[in-house]
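Working notes, structure below.
The values are calculated or read from the model by the stated rules, or taken from the named source; none is laboratory data. Note that the coordinates shown come from a computational prediction; the quantities given were computed from them, not determined experimentally. FYI the Cβ positions are ideal-geometry reconstructions off the backbone, even for glycines, and counts take in every protein chain you see.
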Amino acid sequence: MMQTKTVEGETRMYLYDLMNTAKEHGFKGEDHWELSLTTEAEKDRIQRTYHPTIAQKVYPELLLQVFNLTKTRLNQSLNKEEESMDSRSVITNELTHIVAFNPKRART
C-alpha cells in the first residue's frame, strides 16, 4: 500500500510539473510531451537538445511504475520496447530518470 501511494505521489508531482511547464511555454493543442526512461548521460543529452525538458529522478524500484502511470494519465500508449521493460531491465540498463520533452522544440 505504501509503495502505491509513493507511485501515485511521484506521478502526480511529475504531471503537475509537466502541465505547468506546458502552460508557461505556450504549448498548443498539437504540442505534446515525449516521455523517455533514461540514464544520467541520456538525460543530459536530451536537456542540451530540447527546451523545455522536465527530468525527474525516481527510485529504480518505482521508476517503471511511475513511467507507465504517467503515460496512462497523458493518454499515451507504450511502444513495444516500453512494453517489454521490467524491473530487471531498468536496473541492468542503469535507467534513473523520466524525461519529458517536446520533439518540435529543439534548442537553437
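Some points to look at:
- Members of the stretch 80-108 that are over 14 Å from the mean Cα position of the chain (by Cα) and either among the polar types (S, T, N, Q) or not in a loop (DSSP other than H, G, I, E, B) (or both): Lys80, Glu81, Glu83, Ser84, Ser87, Arg88, Ser89, Ile91, Thr92, Asn93, Ala106, Thr108
- Flag for Lys23 being of a type in the set (Lys, Arg), within 26 Å of Ala106 (Cα to Cα) and either free of Cβ contacts under 8 Å to residues at least 24 places away in the same chain or assigned to a loop (DSSP other than H, G, I, E, B) (or both): yes
- Pick from the stretch 27-54, criterion touching a Pro at 6+ places or on another chain (Cβ under 9 Å) and not in a loop (DSSP other than H, G, I, E, B), ranking: surrounded by the most Cβ atoms within 10 Å (Cβ to Cβ): Tyr50
- There is no residue in the stretch 55-62 that is outside any helix (DSSP H, G or I), polar (S, T, N, Q) and within 17 Å of Arg107 (Cα to Cα).
- Selection over the stretch 57-68 of residues that are surrounded by fewer than 20 Cβ atoms within 10 Å (Cβ to Cβ), closer than 11 Å to Thr11 by Cα and within 10 Å of the chain's Cα centre (by Cα) gives a count of 1.
- Hits in the stretch 63-79 (condition: hydrophobic (A, V, I, L, M, F, W, C) and not in a helix (DSSP H, G or I)): Leu74, Leu78
- Selection count where residues are within 22 Å of Glu8 (Cβ to Cβ) and either polar (S, T, N, Q) or touching a residue at least 12 places away in the same chain (Cβ under 8 Å) (or both), scope the stretch 69-90: 14
- Unmet requirement for Ala106, which otherwise passes all of (1) of a type in the set (A, V, I, L, M, F, W, C); (2) surrounded by fewer than 14 Cβ atoms within 10 Å (Cβ to Cβ); (3) modelled with pLDDT of 95 or more: (3)
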